[in-house]
Every structure is written in C-alpha cells, then in structure tokens.
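This report concerns only the one structure given below.
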Ligand SMILES: *Cc1c(COP(=O)(O)O)cnc(C)c1O
C-alpha cells in the first residue's frame, strides 16, 4: 500500500550480509584461491569451531560431522543406528517433511504422534503410548527454536532402550534444563543431533549445508564414514554410505558467521519480546509459549489464532489482510505430514492427531530475523491488529 516504506522480509539475508560483507567476501575468495574445494581446511576448522561452540570439552566431548544438508544429516543419523527394515521410529507430524521422508526411505516405519498444543513439540505422553516392542528410536523436532521436553523423552528412551535423534534444524543454540546446573545444548542430549545450514536457518550458509552432532566417539566415526561413501580409507568401503559433504565455500562462510550466532539468537529473542509486548494482550491470538526449561531461539515467531473451531477462516482472513498490505507472513505448516499425499500408502487412515490437525489451521508466523527494527515490528503488529479486528 505505502510505497515509501522499505520492504519487510520474512528473513533478511542481504541485510545481515551487509554487516559482515568484508569478512565473508574475503573468506569466499580465500577458498577460491586455495584450490581446496572439497573437504578443505575450512570444513575441518568449522567442524571443530562448532563443536567448541556447542560446549565441547575433554570430559564432555561434542563431535560435529558436517554434511550436505539437514535432510542428509537426518538420514545419516538413522543409518548410523543399526536399524532393521520395519523398525519403528516415533516422530511428530507437525513438522517439515524431512524426518518422515528419511525414515521411509530407509524402509523404517514412521510412527507419527501428536504434539503438545502449547509448545508445538512432541508430546511425551503420546510418545509413551506409541511405544511397542518394534520401537527403536524417537526423533523429536525442536520446532521454531524451542526444545522438545528432553527430560521426559530421555527418561522414556532409557526405560525402553531407544535411541534419540534430535532434529535441531530450527534450534541451533537452544537448550534444555536437564536439572539443577545441568544444561543440555540442543542437539547434544540425544544419541545424535542434526542441524541444517539452509540460508534462512539461525546459522544459515549461502547455500545448502548440514551437520550431525554426537557425544559418542564411535558414532562420530561411523557418521563420518557414512557421509563419505562408508569409507575411512580411499577405495575401501566398509559400510554402505552416501555422498554428503559440506561445501568448502559454505564452511568458510559459516566460520565467519558462527562467532555472531549468539548475537543473532539474542536479536531474534529481543524481536520476539517486542512482538509479545505489541500483541500479547490481543484476545484473538496466543503469542508463542516459552517453556520454562527451554531456551527459545525463535527460528520462527508463530502466533496461534484463537479461532473457535471453525476451521482456517480467521487465518485466511488475516493472511489476506496482511498480503494486501505488503506484510510478509508464513504458515509452518499448513498440512500435517500424515495427511500428505506422498504418505497415503504409508500412514494408516486411522491415524488421528487432533492437536496437530488443529494447529495446522491456526498457526501463522511473522517476519523474524536479525535485522528487524522496532518500527518494522510496530508496522507488522498494527496490521495484525487491524486484520483481527476486521474479522466478523
Ligand atoms: C530445514 C529443516 C530440515 C531440512 O533441512 P535441509 O537443510 O533443507 O535439508 C529438517 N527438519 C526441519 C525441522 C527443518 O526445519
């Protein structure tokens, strides 16, 4: 409507780049000039620096195994766990497609269960009910930047001898309080954690990238082999692997960005606080729940609309209102995985996940990134309020 205002973005990768442009440009050119384009020193150094950032120490080691993207990281994690076809993996349906996709590709059985309606993460009670003697692993997704209830999930895993693979694609830098003075970094509490460096993620590359994390040296070794054609020694292949590498130029970019990650996450959290203050009182919306035991790093700032069971009407109205005024917004995710056509033959029609199905009709995410200004947020909030108040 008003053409005089600078455009708002869901994610502002160029605005962020402008602050670090000299360092990034130099890092990229250094790789180009080095001639070491595959698994060069940038990849090795980035893996070590990220491990340190995640809290690596002699007594509490963290191993980082870089790979090509977050989906490959999930696949490598499952391949490392010695599973057999038909083994059951419990995971949410209110998420991106990757977890369920790789489970099925490896001929394992995805068992999708419901999420907690406040935190939007895996409901441990639902997980407990879904455990059978074929269950081998739980794959929680730390959705929107907040950890699933790792205390409850780790207790279940221990009791039933299950592995945990944490999908930390949206939550790098988040964590969970495991007890007094015992803090778990997201992705380092389960057997394996995975993340993505997709450009819009909290630690985004300028292309694709991903990584696995583990505290277990043997698993780390195996993951490394899996991402390198099952090989430790050239032309000697001990296990079936894949070709999944973090690109050297992306690693160099990530090395520049990693020292800024804490500030980036703090900027997102400050923006979330501001949205809360602007929108928290409105009776038609619920601002993001913050679990007292988790640190939220706000990959997304996602409102839950308080519509009264009438389907997505209120959200459609609000989305149209925002679109007409040039206010970006997103719906993550409009359709649960268990209802996707691709999984029609995989998932029984009897699977009903009430909270998941309800949330897919009620969530809407607002612009969230490191470059948001208060004036921009006020503009977003004003149009949200107008949109809600014009819904009859
Ligand atoms: C982004 C994302 C992935 C996949 O990451 P890619 O790098 O795009 O493969 C997996 N899981 C979740 C929850 C994500 O948000």
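Per the conditions (1) under 27 Å from the mean Cα position of the chain (by Cα); (2) farther than 30 Å from residue 189 by Cα; (3) in a loop (DSSP other than H, G, I, E, B), the sole criterion not satisfied by residue 37 is (1). Of the candidates 266, 252, 211, 272, the single residue that is closer than 30 Å to residue 373 by Cα, modelled with pLDDT of 95 or more, touching a strand residue (DSSP E or B) at 6+ places or on another chain (Cβ under 6 Å) and not in a loop (DSSP other than H, G, I, E, B) is 272. Any chance region 278-295 includes a residue that's part of a helix (DSSP H, G or I), free of Cβ contacts under 8 Å to residues at least 60 places away in the same chain and more than 20 Å from residue 359 (Cβ to Cβ)? Within region 278-295, not a single residue is part of a helix (DSSP H, G or I), free of Cβ contacts under 8 Å to residues at least 60 places away in the same chain and more than 20 Å from residue 359 (Cβ to Cβ). Does any residue of region 178-192 turn out to be assigned to a loop (DSSP other than H, G, I, E, B) and within 10 Å of the ligand (Cβ to nearest atom)? No, because not a single residue in region 178-192 is assigned to a loop (DSSP other than H, G, I, E, B) and within 10 Å of the ligand (Cβ to nearest atom).
When restricted to residues that are crowded, with 18+ Cβ neighbours inside 10 Å and over 20 Å from the mean Cα position of the chain (by Cα), region 61-78 contains 0. A single member of 58, 49 is closer than 30 Å to residue 256 by Cβ, surrounded by fewer than 18 Cβ atoms within 10 Å (Cβ to Cβ) and without any contact (Cβ under 8 Å) to a residue 24 or more places away in the chain, and it is 58. Residues in region 1-28 that are in contact with a helix residue (DSSP H, G or I) (Cβ under 9 Å, 6 or more places away or on another chain) and not in a loop (DSSP other than H, G, I, E, B): 16, 17, 19, 20, 23, 24, 26, 27, 28. Is it the case that residue 296 is within 18 Å of residue 142 (Cα to Cα), touching a strand residue (DSSP E or B) at 6+ places or on another chain (Cβ under 9 Å) and modelled with pLDDT of 95 or more? Here the answer is no, as residue 296 does not meet what is asked. Could you tell me which residue of region 147-159 is nearest to residue 267 (Cα to Cα), considering only residues that are away from the ligand (no atom under 12 Å from the Cβ) and buried (at least 24 other Cβ atoms within 10 Å of the Cβ)? Selected residue: 147.
Condition check ((1) touching a helix residue (DSSP H, G or I) at 6+ places or on another chain (Cβ under 8 Å); (2) within 16 Å of the ligand (Cβ to nearest atom); (3) assigned by TED's automatic domain parsing to the domain that holds residue 98; (4) more than 19 Å from residue 76 (Cβ to Cβ)) across all residues:
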| site | (1), (2), (3), (4) |
| --- | --- |
| 202 | yes, yes, yes, yes |
| 209 | yes, yes, yes, no |
| 235 | no, no, yes, yes |
| 240 | yes, no, yes, no |
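Right, residue 271: touching a helix residue (DSSP H, G or I) at 6+ places or on another chain (Cβ under 9 Å), buried (at least 18 other Cβ atoms within 10 Å of the Cβ) and within 29 Å of residue 33 (Cα to Cα) or not? Before the answer, list the steps.
Working: touching a helix residue (DSSP H, G or I) at 6+ places or on another chain (Cβ under 9 Å): yes; buried (at least 18 other Cβ atoms within 10 Å of the Cβ): yes; within 29 Å of residue 33 (Cα to Cα): no.
So residue 271 does not fit the description; no.
Residues that are crowded, with 21+ Cβ neighbours inside 10 Å, farther than 27 Å from residue 84 by Cβ and touching a strand residue (DSSP E or B) at 6+ places or on another chain (Cβ under 6 Å) within region 160-183 comprise 172, 174, 175, 176, listed in sequence order.
In the set 314, 303, only one residue is at pLDDT below 95 and buried (at least 19 other Cβ atoms within 10 Å of the Cβ); that residue is 314. Taken over region 92-106, the residue count meeting the criterion of being near the ligand (Cβ under 9 Å from one of its atoms) and not in a helix (DSSP H, G or I) is 3. Check whether at least one residue in region 71-91 is in a strand (DSSP E or B) and either more than 16 Å from the ligand (Cβ to nearest atom) or at positive phi (or both), and report yes or no. Looking for residues that are in a strand (DSSP E or B) and either more than 16 Å from the ligand (Cβ to nearest atom) or at positive phi (or both), one finds at least one in region 71-91, hence yes. When only residues in region 134-146 that are touching a strand residue (DSSP E or B) at 6+ places or on another chain (Cβ under 6 Å) and assigned to a loop (DSSP other than H, G, I, E, B) count, which is farthest from the ligand (Cβ to nearest atom)? Looking at the filtered set, the residue picked out is 134.
The values are calculated or read from the model by the stated rules, or taken from the named source; none is laboratory data. Computed from a prediction, not measured in an experiment: that's the story for all the values here. Heads up, the Cβs are rebuilt from the backbone with ideal geometry, glycines too, and the neighbour counts pull from every protein chain shown.
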